[in-house]
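The values are calculated or read from the model by the stated rules, or taken from the named source; none is laboratory data. Every value quoted in this text rests on a predicted model; they were computed, and no experiment measured them. Heads up, the Cβs are rebuilt from the backbone with ideal geometry, glycines too, and the neighbour counts pull from every protein chain shown. Only protein heavy atoms, including side chains, enter the accessible area calculation; ligands, DNA and RNA are left aside. Shrake-Rupley method; radii C 1.70, N 1.55, O 1.52, S 1.80 Å.
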Amino acid sequence: MLNVKTMADYAAANEMPEVLFWVGCAGSFDQRAQKVTRSFVKILQHLNIKFAVLGSEESCTGDPAKRAGNEFVFQMLALQNIEVLNGYGIKKIVTTCPHCFNILKNEYPSLGGNYEVLHHATYLQQLIDSGRIKLTDTAAFKGKKITYHDSCYLGRANEIYEAPRKVLEELDAELVEMKSCRTKGLCCGAGGAQMFKEDEPGKKRINIARTEEALETDARVIAAACPFCNTMMTDGVKAKDKQAQVKVFDIAELLAAGQGLETIQL
Amino acid sequence: MLTYFQIYLFIAFAAITAFYAYRGYNRIYKNIKLGKPENLTDNPSQRLRNMLLVALGQKKMFKNMTPAILHLMIYVGFVITQVELIEVFIDGFTGHHRIIYHAVENIPALRSFYVFTISFIEVISIFVFIATVAFLTRRWLLKVPRLNMPELQGFPIIDATIILASEIYLLTCIFSMNTADMAMHNGEYGFLVSGMLMPLFDGMTYTSIHYVERIGWWGHLFGVFAFLCYLPYSKHLHILLAFPNTYFARLTPKGYIANMPEITKEIKLMMNPDAAYAAPAEQPAEPVKFGAKDVFDLSWKNLMDAYSCTECGRCTAACPANQTGKLLSPRKIMMDTRDRLEEVGSKIADNKGVWNDDGKSLIENGYISVEELRACTTCNACVEECPVMISPLDIIVQLRRNLIMEESNAPAEWTGMFANMENNGAPWQFSQQDRLNWVKE
Ligand code: SF4
Ligand code: SF4
């Protein structure tokens, strides 16, 4: 049981946290993504960073509705969230989901929600750069190949290509690139609310195509920075029956392992 | 006599061209103005930079070297050949022959510069020829996949071929004209490439060489005039529209999808019913329509995008949905938008400037299908790839809004997802009270 304080707790004690951790729906409810949430929290707690979550006061940011075309549902949720965030006087937000990151950073401002929003890749990179994160347990990674899968909403959408790679470089592993990466990175297939419906008729599922590119690199680990990419790539690896050889991890999980906060079997 | 005849002929040709070209370009301008207003004039220095780098400097083309270099050859050739056209025009209006050359022939430095310029154009033209043949080969023999997709069948592939063929036609005219001119004057001009081609005319009489020169000159000019009139009906319009289109491209991050202010207003009223009682009379005269169903509902920039599309298919080649065999092709989104706009525009023109609903729209009706719209992952690969900064995604999202908010046309899973989001603040059916359950390991 992790001991995590909510904004309500901080407000009751008349205190302000350094940063609000926006957990997101996947990070809250999806079993795989919950693990990532916990790894990230362990890193924050290990560094004694004063952070809060909204807990039951957090709602979906509205991203899947907005991208599906339902601006009503999006704005309803956004305006509710903004009311909560502004009510607490939030200034800085970090999130482990690129979709939450994109929408909070780009689409909330014109609705009245102005915050400094960081994706955890950038946040972790800043902690590494400032020397606060020191890796102690990188032996497990030594010489192992890791390939990073660019999330569309981090990469093309917001031009964050290097931060997640910098985080991975800390691990002493061998970073290998897929055939299409960075600006040309192939989507995992989840965005635009595709995650929540059946595929349209076609020859192949998009996550399979992307997993094939990842498998071509011979990497032991596929690193993701998005809960939806994580699900898509995990499903892809399973469909290819490679789950024994290839693992999908979030960069936060890998970094937590590098600090001895998690154990990871490679 | 003959000289005067030629001047009149030239002026007649020029006037006819001006008339048809004006009609063509004016049509495009009017059609683009059918779109909704959108203000895209902020930050002019960034806009200028985009235009110089992406349109003039071809920056985005260089993501893919082979076509970039071939395209650059034709592009540079096209621009540089216009220099020779200046003299052709003055000659045409005045009935002179190589007026600039004769003006400078006794000033050695200027004369050399003239000869250098024409020789340079000739050398560049050789490169244009090579590139044109390479492009025809890529399209027709190598069958590069993105140049042979279903949406290109019919006019688009003919259009592409017409332009490449006319490129070769123009080069043939230029070289016949220059070479014959050299042969008639015993090589006095000293042009580089036509100098080497001169022996081709060995044994021909002066009169027949003169005919060749005139045919080349008129042929070239006729080609240029025809090109000007044809351009507004062709994907090659991008040579002009690439400039405004990159200038007015959105400067926001690619992940940003604009919020709809009309909806903010409604939701604020819902969240604060007192305000609704305070201002009940403020009903808009026309019911607000959400999202886009037809070209009128899109912004003028979406419509300019449609006319700027080069049909190159870089977007479609990068599209994850298309790569995995889904029906969606972002290039087709742009082509359908343009074709529907052309249809609407010509119906308005036929009807003396008035639009009567034709019962059709951009969605379905042989244009963009619901299945295509549903397949998009909003990944921005198409936007990233486009060499002229078009956003097919922006159109897709606006059409999706119409399907969902006006037609209630959503797959069942999405309907359930919307309901969950409204009721329990998550796309899945979990209680909001359980959002902190992850703290338990
Ligand atoms: S944004 Fe949509 S149309 Fe564009 S490449 Fe991605 S999936 Fe294809
Ligand atoms: S939208 Fe852009 S990338 Fe796609 S075909 Fe048109 S010009 Fe090419």
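Condition check: more than 18 Å from the chain's Cα centre (by Cα), at pLDDT below 95 and among the acidic types (D, E). Does A:D129 satisfy that? Spell out how you get there, then give the answer.
Working: more than 18 Å from the chain's Cα centre (by Cα): yes; at pLDDT below 95: no; among the acidic types (D, E): yes.
No.
Counting only residues that are in contact with a helix residue (DSSP H, G or I) (Cβ under 6 Å, 6 or more places away or on another chain) and open to solvent by 10 Å² or more (accessible area, probe 1.4 Å), which one in the stretch A:254-263 is farthest from A:I146 (Cα to Cα)? So, considering only residues that are in contact with a helix residue (DSSP H, G or I) (Cβ under 6 Å, 6 or more places away or on another chain) and open to solvent by 10 Å² or more (accessible area, probe 1.4 Å), the one farthest from A:I146 (Cα to Cα) is A:L261.
Taking the numbered list (1) of a type outside the set (F, W, Y); (2) open to solvent by 70 Å² or more (accessible area, probe 1.4 Å); (3) at pLDDT 95 or above in turn, B:I86 passes all entries but (3). Please work out if A:G112 is modelled with pLDDT of 95 or more, at positive phi and under 17 Å from the mean Cα position of the chain (by Cα). Judged against the criteria, A:G112 is not a match.
Could you check the stretch B:317-349 and list, in sequence order, the residues that are among the hydroxyl-bearing types (S, T, Y) and either within 13 Å of chain A (Cβ to nearest Cβ) or under 21 Å from B:E371 (Cα atoms) (or both)? Correct list: B:T324, B:S329, B:T337. The residue that is least open to solvent (accessible area, probe 1.4 Å), among those in the stretch B:306-329 that are part of a helix (DSSP H, G or I), under 21 Å from B:A68 (Cα atoms) and within 13 Å of ligand 1 (Cβ to nearest atom), is B:T316. Looking only at residues in the stretch B:34-44 that are touching a residue at least 12 places away in the same chain (Cβ under 8 Å) and either in contact with a strand residue (DSSP E or B) (Cβ under 9 Å, 6 or more places away or on another chain) or part of a helix (DSSP H, G or I) (or both), the one that is surrounded by the fewest Cβ atoms within 10 Å (Cβ to Cβ) is B:P37.
Here A:D63 fulfils each of the conditions (1) open to solvent by less than 10 Å² (accessible area, probe 1.4 Å); (2) under 17 Å from the mean Cα position of the chain (by Cα) apart from (1). Would you call B:Q398 open to solvent by 20 Å² or more (accessible area, probe 1.4 Å) and within 21 Å of B:V295 (Cα to Cα)? Considered against the rule, which asks whether it is open to solvent by 20 Å² or more (accessible area, probe 1.4 Å) and within 21 Å of B:V295 (Cα to Cα), B:Q398 comes out as yes. Taking the criterion of being within 24 Å of A:F228 (Cβ to Cβ), in contact with a Gly (Cβ under 6 Å, 6 or more places away or on another chain) and either touching a residue at least 24 places away in the same chain (Cβ under 8 Å) or not basic (K, R) (or both), would at least one residue in the stretch B:331-342 satisfy it? No.
Evaluate the stretch B:272-284: report whether one residue or more is open to solvent by 60 Å² or more (accessible area, probe 1.4 Å), within 14 Å of another protein chain (Cβ to nearest Cβ) and at pLDDT below 95. The answer is yes; a qualifying residue exists. Remark: pairs (first residue in the stretch B:384-402, at the interface with chain A (Cβ under 9 Å from one of its Cβ atoms) and more than 10 Å from ligand 2 (Cβ to nearest atom); second residue among the aromatic types (F, W, Y) and not in a helix (DSSP H, G or I); Cβ separation under 8 Å; 6+ apart in sequence or on different chains) = B:R401/B:F290; B:N402/B:F290. Looking across the stretch A:6-49, the residues that are open to solvent by 20 Å² or more (accessible area, probe 1.4 Å) and in contact (Cβ under 8 Å) with a residue 60 or more places away in the chain come down to A:A11, A:M16, A:E18, A:D30, A:R32, A:K35, A:K42, A:H46, A:L47. Scanning the stretch A:214-249 for residues that are within 14 Å of chain B (Cβ to nearest Cβ) and more than 21 Å from the chain's Cα centre (by Cα) turns up just one, A:A239. Looking at the stretch B:350-372 only, could you name the residues that are within 14 Å of chain A (Cβ to nearest Cβ) and away from ligand 2 (no atom under 16 Å from the Cβ)? Across the stretch B:350-372, the qualifying residues are B:I363, B:S369, B:V370, B:E371.
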